[in-house]
Each structure stands twice: as structure tokens, then as C-alpha cells.
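Have a look at the structure below before the remarks.
The values are calculated or read from the model by the stated rules, or taken from the named source; none is laboratory data. What you are looking at is a predicted structure, and each value in this text was computed from that prediction instead of being measured. Because the Cβ atoms are built from the backbone with ideal geometry, glycine has one as well, and the counts that use them run over all protein chains shown. Heads up: the accessible areas ignore ligands, DNA and RNA and are worked out on the full protein's heavy atoms, side chains in. Shrake-Rupley method; radii C 1.70, N 1.55, O 1.52, S 1.80 Å.
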Amino acid sequence: MLKIEHLGIAVKSLEQSNELFTKLFGKTPYKLEKVETEGVSTSFFMMGDNKIELLEATNPESPIAKFIEKKGEGIHHIAFEVEDIHAEMKRLQGEGFTLLSEQPKKGADNKLICFLHPKGTNGVLIELCQEIR
Ligand code: ZN
């Protein structure tokens, strides 16, 4: 893994949270993107080299809806940038980690992504992401 690519925060209302975080950060999101296959609407804020992703559920079955139901709003995942997502998925599987998908999926912000099961990572949901080149 190369570095933290972004932090994901689960929110109930993207519209309200965009306003809140725009006030907090003193800047507006550089991107709004809906990923229907993942059941999320997202926004991204650039903070120097770091990004913050806000995620709102687009339907009641969305993983974000379930997360908020169980734990409330808050930090949802940490995403790490990887050079080669296929190689990294294979390496982590070999180390005994459980992946939430067998193949990388298309995520927001031009990324291929894969999540690790939080049961195997001290309760932290970890996302691997590789820039689509
Ligand atoms: Zn993410």
C-alpha cells in the first residue's frame, strides 16, 4: 500500500453535510458523484494532499444506510492507494484477510476499489483503491 488516499465519512444528508463541511474546511467539494452500483452519493474535498469523501445512501439497502442504522453517522472507512489492485488483493488474501468482493469494482473518483472485511482488521473498514489509468 502506498498512502492513505482518503477518509470516508457516512452522512445522512449529503446536501446538509456539504454545507457543514464547506464551512468547516473553508472550501467547496471538488466533485459530486453518484455510484448507483454501490448505493452511494459522494462528495470529495481536497485538503492539501489528502481527500475527504462524504457518503450518503441512495437506497435503504445501501451499505451506508445499514452502517448509519447500526453506528450512526461518522468515519466509515480508510482508503489506501495501491499501485496494482489485483496484485494487492491476491497478496492480502494470501495473508488471510477477507475481501468483500472477488474482483475490483468501479468506485467514485475514477478508481478501482475493493473493501476488506472489518472483522479481520480490528473493526476498521479498509478500502483499496487504484487510479484507473
Ligand atoms: Zn472511499
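Scanning the stretch 97-114 for residues that are farther than 24 Å from Tyr30 by Cα and either within 12 Å of the ligand (Cβ to nearest atom) or open to solvent by less than 60 Å² (accessible area, probe 1.4 Å) (or both) returns Leu99, Ser101, Pro104. Residue check: Asp84 meets all listed conditions (1) among the charged types (D, E, K, R); (2) away from the ligand (no atom under 14 Å from the Cβ); (3) open to solvent by less than 40 Å² (accessible area, probe 1.4 Å) but one, namely (3). Taken over the stretch 13-46, residues that are closer than 24 Å to Leu128 by Cα and surrounded by 12 or more Cβ atoms within 10 Å (Cβ to Cβ) amount to 16. When you scan the stretch 71-81, do you find a residue that is more than 16 Å from the ligand (Cβ to nearest atom), surrounded by fewer than 18 Cβ atoms within 10 Å (Cβ to Cβ) and closer than 19 Å to Val124 by Cα, even just one? Looking for residues that are more than 16 Å from the ligand (Cβ to nearest atom), surrounded by fewer than 18 Cβ atoms within 10 Å (Cβ to Cβ) and closer than 19 Å to Val124 by Cα, one finds at least one in the stretch 71-81, hence yes.
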